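Have a look at the structure below before the remarks.
The values are calculated or read from the model by the stated rules, or taken from the named source; none is laboratory data. This is a predicted model, so every value here is computed, not measured. We place every Cβ from the backbone using ideal geometry, glycine too, and count neighbours over all the protein chains shown.
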Amino acid sequence: MRALAAWLLAVLMMTAACGDDPPSNPKLRAELLQMLKVDQEQRTLEASEEQWNRVEKANTDRMRQILDAHGWPGYAMVGKDGAHAAWALIQHADRDLDLQRRGLELMRQAVEKGDADSSDLAYLVDRVRVAENKPQVYGTQWETGPQGDWRPRTRIENEAQVDERRAEVGLKPLKEYLEELKSVK
């Protein structure tokens, strides 16, 4: 879990350097980045259950308010790094599947307009499908088994074509992704 959180934070930092136009809502961008920072600290520092629950609930409640007020906080509104932070926070709202579904639909619309990242959307698609106990589309959600081996959290739909679907949204082939997962463990 720590390694995966560190990897996510590194991706966020790389994304921060890729901003194009200034976001229309820099205050919201800063808030999203701070929320993600706290989220990642809780995940990497092995916080107590109480701390974890408090941060997750606060972030989930705030993301609901943000979606109510703004819709999906996309690139134009909060920059690429802010949009990535919003995605990660919705992705981590595992105790509120309705919020994840809502975020998924709003993010899907933003991707269609070029205002959000299609590879982030792929992760959220799979996260929601796993929560619904449905097959994954992109094979992004994995866990370690009792022997420390990596396995998909739910089966992958039409696995023979998964690399084609992954390529369409800008993801590496599944084999390369699994090598990355094994290396951060």
P146: touching a Lys or Arg at 6+ places or on another chain (Cβ under 8 Å) and surrounded by fewer than 19 Cβ atoms within 10 Å (Cβ to Cβ), yes or no?
no
Taking region 65-96 and keeping residues under 20 Å from D126 (Cα atoms) and of a type in the set (K, R) leaves R95
Out of all the residues in region 87-108, is one or more out of contact with any Gly (no Cβ under 7 Å at 6 or more places or on another chain), crowded, with 19+ Cβ neighbours inside 10 Å and touching a residue at least 60 places away in the same chain (Cβ under 8 Å)?
yes
Within region 41-71, residues being modelled with pLDDT of 95 or more and over 15 Å from A93 (Cα atoms) number 4
For region 85-106, give me each residue that is acidic (D, E) and either touching a strand residue (DSSP E or B) at 6+ places or on another chain (Cβ under 9 Å) or in a loop (DSSP other than H, G, I, E, B) (or both).
D94, D96
With the requirement that a residue be more than 11 Å from A83 (Cα to Cα), at pLDDT 60 or above, touching a Lys or Arg at 6+ places or on another chain (Cβ under 8 Å) and part of a loop (DSSP other than H, G, I, E, B), what does region 13-35 give you?
D20
Starting from region 134-163, take each residue that is closer than 13 Å to L174 by Cβ and list its partners that are acidic (D, E) and not in a loop (DSSP other than H, G, I, E, B), counting only C-beta distances under 7 angstrom and pairs at least six apart or across chains.
Q136/D126; V137/D126; Y138/D126; T140/D126; Q141/D126; R151/E143
Please enumerate the residues belonging to region 52-101 that are aromatic (F, W, Y) and within 16 Å of K27 (Cα to Cα).
W72, Y75
Quick check: anything in region 151-164 of a type in the set (D, E, K, R), under 17 Å from the mean Cα position of the chain (by Cα) and part of a helix (DSSP H, G or I)?
no
Candidates E56, E49, filtered to the one that is assigned by TED's automatic domain parsing to the domain that holds D96, over 25 Å from P22 (Cα atoms), touching a His at 6+ places or on another chain (Cβ under 9 Å) and free of Cβ contacts under 8 Å to residues at least 40 places away in the same chain:
E56
Those residues that are among the aliphatic types (A, V, I, L, M) and not in a helix (DSSP H, G or I), I need them from region 45-70; list them, please.
L45, A47
Condition (residue is closer than 24 Å to R54 by Cα, in contact with a Phe, Trp or Tyr (Cβ under 6 Å, 6 or more places away or on another chain) and assigned by TED's automatic domain parsing to the domain that holds K37) applied to region 67-90: is it met by at least one residue?
yes
Looking at L174, is it modelled with pLDDT of 95 or more and in contact with a Leu (Cβ under 9 Å, 6 or more places away or on another chain)?
no
